[in-house]
Amino acid sequence: MKVQSSKLKVKNFNLKLKIFLFTILFLIFNIGNANAQELSVSIDPPIFQINAEAPADVTAPLSVSNLSDQTITYSIFLMPFRSSGAEESEVEFDRSLLPEYEDIFKRVRIIDEGIPVTSVILSPRENKNLTLRITLPEGEKPKDYYFSVLFVTGGTENDLAGSASLARGGIGTNVLLSVGPKSETKGSIRQFLGPKIVTKGPVEFILSIFNESAHYITIDGHVVIKNMFGHKVGVIDLVPANILSLSERMIESENNKNTLPRVVFDEGFLLGFYTADLTVSLSEDGPILTRTLTFFAFPIQAMLILGAGSIVIIFMVSRVRRKRDQIS
């Protein structure tokens, strides 16, 4: 009986262990699915660029889609953001700006069918068309405001922190509001760096622009690569980028595949001296900034292979000639 009792205890223990493990796995997978459902939402557009002079009543369409199979309630918050630094090229929420933004936030509304709302309920697979409305009264001073319109499930405004590109359990759109008239657009090239000597392509350049203006700017530009004979061998298009007032941002090319912003000349075989001519426009009306770099390319590996091949060919030709001379 002792042996049977022992076996029974072991079986009960194994059964309890299996139930315990099953429960844990069930909870883990269900929590994961809940979070996936929670984050299954899209917003359009992801960014608003608004330039207005007071007095003005600005409206812009905004749509939010629930891509999940459950009903979700989103609370709507407004949160100021600032640049997180040139290297990251992202923005961060800045709660310290809330007192400064208090007045403008009173005049920012999300409208649903003509009614201002602070929350929305989305049924499964529902797309809701909303309106962003900003009222600028007479006498509004020229100034830039950068903030996010956030749709968040659960939590409160006090829980929002960190990167403005992601809010857990929610989504948002960034607003760049520039109240005009705008002052002079100014900026400078902080960095345009590249290797002096390369052995093969592609060639990567580091580019950062500093916005000295009192308003945000949208830059555009390109880099022209010329060989030692002055012939154009490549044009690198830059990705248009918004740079906040008095901030610096790293710029990348459209063909960049790196995790960090880089300007890439995607050419494999390079030989000789090259120039990289940078042209950047800070706005449609200028100013235009330029900078030039030079680099030298010497494909060591290709040259070694070519040299080794030449030696082999010379050896074989010499051997054939010697045999021919011996026969004659």
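Since every read-out is calculated from the coordinates, none of them should be taken as a lab result. Everything numeric here is computed off the predicted structure, so don't read it as measured data. Positions of Cβ are backbone-derived with ideal geometry, glycine not excepted, and every protein chain shown enters the neighbour counts.
For the residue pairs LYS143/LYS186; LYS186/LYS232; LYS143/LYS182, the alpha carbons lie more than 20 Å apart in LYS186/LYS232. For region 220-282, applying the loop criterion from DSSP together with a ceiling of 16 other beta carbons within 10 Å to the trypsin sites (Lys or Arg not before Pro) yields LYS257. Size check on region 99-149: the Cα extents along the three principal axes, sorted descending, read 43, 20, 14 Å. Among the GluC sites (Glu not before Pro) found in region 244-295, those both in a DSSP coil and sparsely packed, with 10 or fewer other Cβ atoms within 10 Å of their Cβ, are GLU284. Comparing Cα centroids, region 90-142 and region 258-284 end up 39 angstrom apart.
Working from label points 7 Å from Cα in the Cα-to-Cβ sense, the ASN255 to ILE313 distance is 2.9 nm. Within region 231-286, the chymotrypsin sites (Phe, Trp or Tyr not before Pro) that combine a DSSP coil assignment with at most 14 other C-beta atoms in a 10 angstrom radius are PHE269. The relative contact order of region 41-180 comes to 40 percent, based on Cα pairs under 8 Å that sit 6 or more residues apart. Is region 187-302 best put as rounded, prolate or oblate by its Cα gyration tensor, with a ≥ b ≥ c the root eigenvalues, rounded for a/c under 1.5, and otherwise prolate when a/b is larger than b/c, oblate when not? Judged from the Cα gyration tensor, region 187-302 comes out prolate (a/c at least 1.5, a/b above b/c). The stretch between ASN129 and VAL239, if pulled fully straight at 0.36 nm per residue, gains 36.6 nm over its current Cα-Cα span.
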